[in-house]
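Taking it in order: structure first as structure tokens, then the write-up.
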Amino acid sequence: AGLSVLVASPVWSDQTFSSNKTDFRIETVAQGLEHPWSLAFLPDGTMLVTEREGRLRRIENGNLVREPVKGLPELVASGQGGLLDVVLHPQFTDNQTLFLSYAHRNSDGMTTRVARATYNGEALENVEVIFE
């Protein structure tokens with residue numbers, strides 16, 4: 001069994017660990033990310049990775065794409081808040097829909113929002129808040 005994770009520090013990268021159930025190896029999949037939080041695997045193998053600071057990044061063929069995905073909703077990166085999860089719709093192949101959770105400031109203070117958007121390969125379109 002294997003486990004791939006995004007690590008902000010190369011300290012644990014490419015080491016093998018043992019537990020009472022299995023052995024596993026941590027492998028660096030990309031470098032240059034700031035506080036990676038969540039990832040989603042696209043059907044073509046590309047990974048979408050959220051960075052807490054508010055960027056959605058792509059890893060294609062093992063390389064971090066320099067330019068972040070455009071079109072993210074307005075969010076606040078503060079403390080543990082920022083851009084949090086990215087999840088693909090179950091029929092992503094047909095509708096290119098994904099969901100994001102993120103911190104947002106409103107008149108009452110900080111809150112968590114969930115938005116739905118369409119991903120066109122480079123940017124988010126039709127971003128709609130579906131939960132606050």
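Just a few scattered comments:
- To put it simply, the accessible area of the chain at a 1.4 Å probe is 47 percent carbon and sulfur.
- Database remark: amide H of GLU27 closer than 5 angstrom to the amide H of VAL5, ASP14 (H placed geometrically; neighbours at sequence offset of 5 or more, or on other chains; Pro and chain starts carry no H).
- Mean-square fluctuations from a GNM of the chain, with a 10 angstrom spring cutoff on Cα atoms, peak among ASP23, ASP44, ASP108 at ASP108.
- Summing +1 for each Lys or Arg and -1 for each Asp or Glu among the other residues whose beta-carbon sits under 14 angstrom from that of PRO68 gives 0.
- In plain terms, the bigger the Kirkwood radius, the slower the diffusion; for the chain, with that radius from Cα pairs, at 4 °C and 1.567 mPa s, Stokes-Einstein puts D at 82 µm²/s.
- A full extension of the chain between GLN91 and ILE130 corresponds to an added length of 12.3 nm, given 0.36 nm per residue minus the alpha carbon distance.
- This model, with +1 at the C-beta of Lys and Arg and -1 at the C-beta of Asp and Glu, gives the chain a dipole about its Cα centre of some 200 debye.
- Listed residue (GLN80, TYR102, GLY121) projecting farthest to the positive dipole end of the stretch 13-132, Cβ model: GLN80
- For the chain, the relative contact order is 15 percent, taking Cα pairs closer than 8 Å that sit 6 or more residues apart in sequence and dividing their mean separation by the residue count.
- Gaussian network model of the chain, springs between alpha carbon atoms under 10 Å - residue of PRO90, PRO68, PRO36 with greatest fluctuation: PRO90
- Calculated mean residue ellipticity, 222 nm, the chain: -500 deg cm²/dmol, from DSSP H runs (n ≥ 4) at -39500 (n - 2.57) each, averaged per residue and rounded to 500.
- Note on the chain: GNM, Cα springs under 10 Å; of ASN95, ASN20, ASN120, the largest mean-square fluctuation is that of ASN20.
The values are calculated or read from the model by the stated rules, or taken from the named source; none is laboratory data. What you are looking at is a predicted structure, and each value in this text was computed from that prediction instead of being measured. All Cβ positions, even for glycine, are placed from backbone atoms using ideal geometry, and neighbour counts span all protein chains on display. Only protein heavy atoms, including side chains, enter the accessible area calculation; ligands, DNA and RNA are left aside. Shrake-Rupley method; radii C 1.70, N 1.55, O 1.52, S 1.80 Å.
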